[in-house]
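Okay, structure first, notes after.
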Amino acid sequence: MCIFSPLFFLVSSVPTACSLALAITIGRLGYVCPHDVAPLLQQFVRHWCTSLRNIRDNEEKDSAFRGICQMISVNPAGVVPDFIFFCDAVASWVAIKPDLKETIQKILHGFKTQVGEENWKRFSDQFPPHLKERLTTMYGEKFEQKLILPPSLIWGTVPIF
C-alpha cells in the first residue's frame with residue numbers, strides 16, 4: 001500500500017500526459033486490487049476524474065473507469081466529497097460499453113437514493129446545465145428508477161454538503 005501514495009501525489013502534480021498515464025494506472029490497479037486502493041480514494045479521485053474526462057473513448061479509458069467503479073463499490077464514501085467530478089467524468093463518454101454504463105448507472109442511482117430526493121435536487125442543481133443534460137441523456141432512464149441497493153453501495157452517514 002505504501003507505493004500508492006506517491007502515485008496519488010504525482011497524478012495532481014505532473015504534466016498532463018504523465019497525469020493521464022498515472023490516472024489510467026491507478027484505475028487499473030483499482031480494478032485488480034480494489035480493496036488495497038479504495039481506502040485511499042479520497043486522496044486522488046478529483047484529479048483522476050479531471051484527467052480521464054478529456055480523453056477519447058478507448059480501451060485504456062474503459063479499463064480505468066472499470067477500476068474506479070470497483071473502488072467506489074468498495075469505498076463509496078471516498079467519492080462523496082468529489083462526486084460532481086465523478087459525474088462530469090462519466091458524462092464524458094461518447095460510446096460506452098453497455099456493462100460499464102450499467103455499473104455507472106448503479107453508482108449514480110445509489111448516490112441519488114442514499115441522499116434522498118431533496119438533497120439530490122440541491123446537489124444536482126449545482127451542476128452546469130450541459131452536465132445535467134448529458135447525465136440525463138446518457139443515464140436518464142435508469143437514473144430515475146427506484147432500485148434496491150447492494151450493501152456495497154450504501155453511502156453511510158457521510159455528509160455530502
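Evaluated against (1) buried (at least 20 other Cβ atoms within 10 Å of the Cβ); (2) closer than 25 Å to S19 by Cβ; (3) among the hydrophobic types (A, V, I, L, M, F, W, C), F111 falls short on exactly one condition, (2). The criterion of at least 2 residues that are open to solvent by less than 20 Å² (accessible area, probe 1.4 Å) and among the hydrophobic types (A, V, I, L, M, F, W, C) is met by the following helices (runs of 4 or more DSSP H) wholly inside the stretch 31-97: 41-52, 59-74, 83-90. Considering the conditions (1) more than 12 Å from the chain's Cα centre (by Cα); (2) at pLDDT below 95, L52 is excluded by exactly one of them, (1).
The values are calculated or read from the model by the stated rules, or taken from the named source; none is laboratory data. What you are looking at is a predicted structure, and each value in this text was computed from that prediction instead of being measured. Please note: Cβ atoms are built from the backbone with ideal geometry, for glycine as well, and neighbour counts cover all protein chains shown. Heavy atoms of the whole protein, side chains included, go into the accessibility calculation; ligands, DNA and RNA do not. Shrake-Rupley method; radii C 1.70, N 1.55, O 1.52, S 1.80 Å.
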